Structures are given as C-alpha cells and as structure tokens.
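Working notes, beginning with the structure itself.
The values are calculated or read from the model by the stated rules, or taken from the named source; none is laboratory data. If you're wondering where the values come from, they're calculated on a predicted model, not measured in any experiment. Quick reminder, even Gly has a Cβ in these numbers, built from the backbone with ideal geometry, and neighbours come from all protein chains shown.
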C-alpha cells in the first residue's frame, strides 16, 4: 500500500536552541539558507536560552549566556524579512525539565520524582 501524499501546508523548520545554541551570525546564515529552500516559518524552541526576567530569570542557562532580548528581536526581524513566521515552541505539561529541575520549582511537579511533568492542578502552574 502506498503512503498518502504529504499534506499541503507551510514548510517549517524546528530550531532547537537549547544545549549547544548557535551564535547569532550563524542563525542569520541559516535563515538565508532556509529562505532559499522555501521555508515559510521557524518553530523556535528557546527553553533555557530565552532571556527570562524577574522571578523566572532562574530558568536561564548557566553553562553559557542566554540570548539577550535584543538578540531574540533581531532573530525575529531576520526571519520576518525573509518572509518567515516565527512560532515559539512553548512546553506545557510535559518536557518541563528545564523548569522543574530548579529547587524553587519543585512544588510544581506532578510527583516529587517526576522531573519533567508539571502538575496542572497547582494554582501557580498555568
């Protein structure tokens, strides 16, 4: 049996910026390549590389500096200029390790030993 044709829709690229985040100069070059390939949007997963402020600043990476607010805005401008939509990938109930690993956030876990799952019944969780 043949596979059905791929559904028509937008061509998106998932940019996973956590772990080994690329420098801004490299991201600019990537966006240019993506544009030539017909990419229409970027699904951007910042996690601990996002420039959190206030009480959430503890979520920022410590192994390397997080992107600055200005860098995030520049990235969005580059993508927009190339005709790409930027879609932030935001973790919700699962895959929350980068948040729930912090001692200040332990109370938000579904179970004390579950590092990655947020308890939606905690008033502070949503």
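Using the structure shown, decide if residue 67 is in contact with a helix residue (DSSP H, G or I) (Cβ under 6 Å, 6 or more places away or on another chain), surrounded by 14 or more Cβ atoms within 10 Å (Cβ to Cβ) and more than 24 Å from residue 120 (Cβ to Cβ).
For residue 67, the condition - in contact with a helix residue (DSSP H, G or I) (Cβ under 6 Å, 6 or more places away or on another chain), surrounded by 14 or more Cβ atoms within 10 Å (Cβ to Cβ) and more than 24 Å from residue 120 (Cβ to Cβ) - is met.
Here are the criteria: (1) outside any loop (DSSP other than H, G, I, E, B); (2) over 22 Å from residue 21 (Cβ atoms). Tell me which single one residue 112 does not satisfy.
(1)
If you check 73, 30, which single one turns out to be loosely packed, with under 13 Cβ neighbours inside 10 Å and either in the same structural domain as residue 106 (by TED's automatic domain parsing) or under 14 Å from residue 86 (Cβ atoms) (or both)?
After ruling out the rest, the residue left standing is 73.
Tell me which residues, restricted to region 92-110, are surrounded by 12 or more Cβ atoms within 10 Å (Cβ to Cβ) and over 20 Å from residue 62 (Cα atoms).
The answer is 93, 107, 108, 109, 110.
Can you pull out every residue in region 87-115 that is within 16 Å of residue 44 (Cα to Cα) and modelled with pLDDT of 80 or more?
Once the filter is applied, which keeps residues that are within 16 Å of residue 44 (Cα to Cα) and modelled with pLDDT of 80 or more, region 87-115 yields 87, 88, 89.
Would you confirm, using the coordinates I've provided, whether residue 44 is under 26 Å from residue 117 (Cα atoms), within 12 Å of the chain's Cα centre (by Cα) and not assigned by TED's automatic domain parsing to the domain that holds residue 120?
yes
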